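Working notes for the structure below.
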Amino acid sequence: MVVRRPPGRRAQILAVAADRFHRSGYHQVSMTEVAAGVGITAPALYRHFRGKPELLDRAVRLGLDALADGLRAADSTDALGEALAAVAVGHRPLGTLVQRDARLLPPARRAALRRELRADAALMVAVLRAERPELSCEDVELLCWSALSACAGLSYQSAAPQPRRAEAVLREVVAAVLAVSLDGTGAGTVAGPQPRVAVPGPRPQARREELLAAAVRLFHERGFDNVSTDQLGAAVGISGPSVYRHFDSKAQLLAASLVRSRERLWHEVDGAISAAPDPDAALAAGLAAYVGFARRNGDYLGAMLSETERLAPPDRRVAVDFRRDFLRTWVGLLRRVRPEYDAVEARIRVHALFAVVNDGVRNRPHSARPDLGDCLLRLARAVLGLS
């Protein structure tokens, strides 16, 4: 007797895997869990896919193929918005998988994914340049990558909004981003990255602060599992075992480094918002503070994005609670300035804002623009629907 596999089984497996990776993080998901989500055994799953790396690779590729198909058919900026919004909603895990989990793939596959993304961006660039020939190549590319980031922001919402509503809002966001004028932007409006200054002397507290800064940078650049205590020690001029004089474990160092960065973020942004005389001024001050913080602390934003799932459960809950509270503050402030937005639209726009800024300060070559602060402020206002 021949047992036939149900039609679409591979697609079903990929959908479940993408959802599990998206919600829990690649490291936290087992092949057995994916198999259970599909209703098959783990050995049956291995007949379709050789392991988790292939599952992740195929899940990302499925979303990128859909994105490429939509962009190839687009012949106007309106059509670009429709394609981006449709993929953001139909393949909601894609943003998280590309930005957080794809770094865990083998180097050759990571390079292939980067090439595919650059090809997708090139399709957008061709359409936008045809409609806005006055723009420089650098400005066109920044606008297109920002539109991609804005839509990827939907991936970070804890609950999926109603699809048609989400697509409608994202189409408006993309149209606003691609219409931004970057003429007259100048360097220095928003504080940029500051040089790292070594603290002299072996004082324990100073050494601890150095370790926290080095940990955020290394965890962002290489990933938690690829950073050893020897590398952490070498970054601050001590031996690997000496790290344990300050922290009991590498996991504790990760948690402490994210806590310290969160404290600085809250101090800077909440301080700017609280000092403003009215909601409009508060939102403007909050945007400037967040962009300034992001430009100085891109390593933290990257580590927060990619390594939160590596925290111990209690630390992970604290990190997630902070993000939820931070988001709630921004959604509430935006709705005071734009009362016509309901909570759904405000959340979509705020997530898009964070994605545009966080990606903008970390992704070269745009992150090296001397006028990046001004550019991000204009893009942020466009994403939020502010004049």
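The values are calculated or read from the model by the stated rules, or taken from the named source; none is laboratory data. Not measured: the values here are computed from a predicted model. Using ideal geometry, Cβ is built from the backbone for each residue, glycine included, and neighbour counts are taken over all protein chains shown. Surface areas here come from the heavy atoms of the whole protein model, side chains and all, with no ligands, DNA or RNA. Shrake-Rupley method; radii C 1.70, N 1.55, O 1.52, S 1.80 Å.
In the full protein context, the chain carries 46 Å² of accessible surface per residue, based on a 1.4 Å probe and ignoring ligands, DNA and RNA. Rg and Dmax of the chain, both derived from C-alpha coordinates alone, stand at 21.7, 77 Å.
Just checking the listed ones, Ala176, Ala215, Ala36: in the Gaussian network model of the chain with Cα springs under 10 Å, the one fluctuating most is Ala36. Summary: within the chain, the longest segment free of trypsin sites (Lys or Arg not before Pro) located in DSSP loops with at most 12 other C-beta atoms within 10 Å is 197-387.
Nearest 500 deg cm²/dmol is fine: what mean residue ellipticity at 222 nm does the chain get from its DSSP H runs of n ≥ 4 alone, each adding -39,500 (n - 2.57), divided by its residue count? It lands at -22500 deg cm²/dmol. Would you mind pulling out the separation of the Cα centroids of segment 306-327 and segment 74-103, in Å? Between the Cα centres of segment 306-327 and segment 74-103 lies a distance of 25 Å. Taking amide H as placed 1.01 Å from N in the peptide plane, Leu386 has no amide H partner under 5 Å among residues 5 or more places away or on another chain. Span-like helix criteria (full DSSP H runs; alpha carbon extent of at least 24 Å along the helix axis; mean Kyte-Doolittle hydropathy of at least 0.5) are satisfied in the chain by 279-296, 343-362. Quick one: check the C-alpha center-to-center distance for segment 229-247 versus segment 112-183, whole angstrom. Answer, in whole Å: 42.
Taking the accessible area of segment 299-376, probe 1.4 Å, and keeping the other protein chains in place, the carbon and sulfur fraction comes to 51%.
Quick note on segment 255-384: its Rg to Rh ratio, both from C-alpha atoms and Rh being the Kirkwood radius, is 0.96. Extension gain, Ala130 to Glu209: 0.36 nm times the residue separation minus the Cα-Cα distance gives 23.4 nm.
Label positions at Ala66 and Arg264, each projected 7 Å from the Cα along the C-beta direction, are separated by 3.8 nm.
Legend: Rg and Dmax of segment 36-177, from Cα coordinates, 16.5, 58 Å.
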